[in-house]
Amino acid sequence: MNQILELLPIILFFVAYQWDGSTIHIGAWSYYFDGIFSATAILIVATILQVAISTTLRRRIEKREIWILFAVGIFGGVTLWFRDPIFIQWKPTIFNWTLAVVFLLAHFFSEKNLIERALGSQLKLPSDAWKKLNLLWIGNFLLVGALNIFVVLNFSESLWVSYKLYSAIGFTLLLAVLTVVLVGPYLPNESKNDQNSSD
């Protein structure tokens, strides 16, 4: 549920960008969609609402959501202020590479890595499994950041907007599948039986 909510701002960003040049009228009020700048403004508002809804449902806010809100607010705000899309385009790369560095530092210099801290109360895994899971997420952050900036530097703005949506969905699903594959062998027999019976 939370992952679906996190995708909604990106979906709205994509939809708003497709309306570039269009004007909507509601009574005496009208709004002209100004390409990536309108899309960025909607991304900021949608991210705020997404975090607010997630926090209300869980009755707590996660640190990752704070960082997402901060990153979208800063890079989106600078994009609108300077009227330059390069800031919002670089945001996924800087955000993901920063997460990779933080996860990597915790991997080597902390008793428990960040994945274990986040999921340790829900899953009982051996130390090696936590390390592999943490490295999987680090690899995901590095790859997502690298591919994003590759698309930004080599393709058009419109293609990047489409890539941003479809890659977000694709990498979210891929990471979820790989995480399940990695964690699956360590699940209790009852969980496996429940999963099999539901198939």
*Contacts under 8 angstrom Cβ, first residue in segment 132-154 being assigned by TED's automatic domain parsing to the domain that holds Ala100, partner small (Gly, Ala, Ser) and assigned to a helix (DSSP H, G or I), 6 or more apart*: Asn134/Ala106; Ile138/Ala100; Phe141/Ala100; Leu142/Ala100; Val144/Ser167; Gly145/Ala100; Leu147/Ser167; Asn148/Ser167
*Go through segment 47-67 and count every residue that is within 14 Å of the chain's Cα centre (by Cα) and not in a helix (DSSP H, G or I).*
1
*asked:* Show the residue pairs meeting these rules: Cβ distance below 6 Å; 6+ apart or different chains; first residue within segment 66-95 and in contact (Cβ under 8 Å) with a residue 60 or more places away in the chain; second residue part of a helix (DSSP H, G or I) and surrounded by fewer than 19 Cβ atoms within 10 Å (Cβ to Cβ).
replied: none
*Criterion violated by Phe37 - all others in (1) among the aromatic types (Phe, Trp, Tyr); (2) in contact (Cβ under 8 Å) with a residue 12 or more places away in the chain; (3) surrounded by fewer than 18 Cβ atoms within 10 Å (Cβ to Cβ) satisfied*: (3)
*Single unsatisfied condition, Lys91 versus (1) within 22 Å of Ile68 (Cβ to Cβ); (2) in a helix (DSSP H, G or I); (3) at pLDDT below 95*: (3)
*Unique match (being outside the structural domain of Tyr163 (by TED's automatic domain parsing), farther than 16 Å from Ser162 by Cα and either in contact with a Ser or Thr (Cβ under 8 Å, 6 or more places away or on another chain) or surrounded by 12 or more Cβ atoms within 10 Å (Cβ to Cβ) (or both)) among Val78, Val102*: Val78
_Take the residues in segment 3-17 that are more than 13 Å from the chain's Cα centre (by Cα) and over 21 Å from Asp84 (Cβ atoms); name whichever of them is surrounded by the fewest Cβ atoms within 10 Å (Cβ to Cβ)._
Val15
*asked:* Pairs needed: first member in segment 160-174, touching a residue at least 60 places away in the same chain (Cβ under 8 Å); second member anywhere, β-branched (Val, Ile, Thr) and buried (at least 16 other Cβ atoms within 10 Å of the Cβ); C-beta distance under 8 Å; at least 6 residues apart or different chains.
replied: Trp160/Val151; Trp160/Val152; Val161/Ile36; Lys164/Ile10; Leu165/Ile10; Ala168/Ile10
*Residue in segment 113-154 that is surrounded by the fewest Cβ atoms within 10 Å (Cβ to Cβ), counting only those that are of a type in the set (Lys, Arg) and over 18 Å from Glu62 (Cα atoms)*: Lys124
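The values are calculated or read from the model by the stated rules, or taken from the named source; none is laboratory data. None of the values given here were measured: they were computed from a predicted structure. All Cβ positions, even for glycine, are placed from backbone atoms using ideal geometry, and neighbour counts span all protein chains on display.
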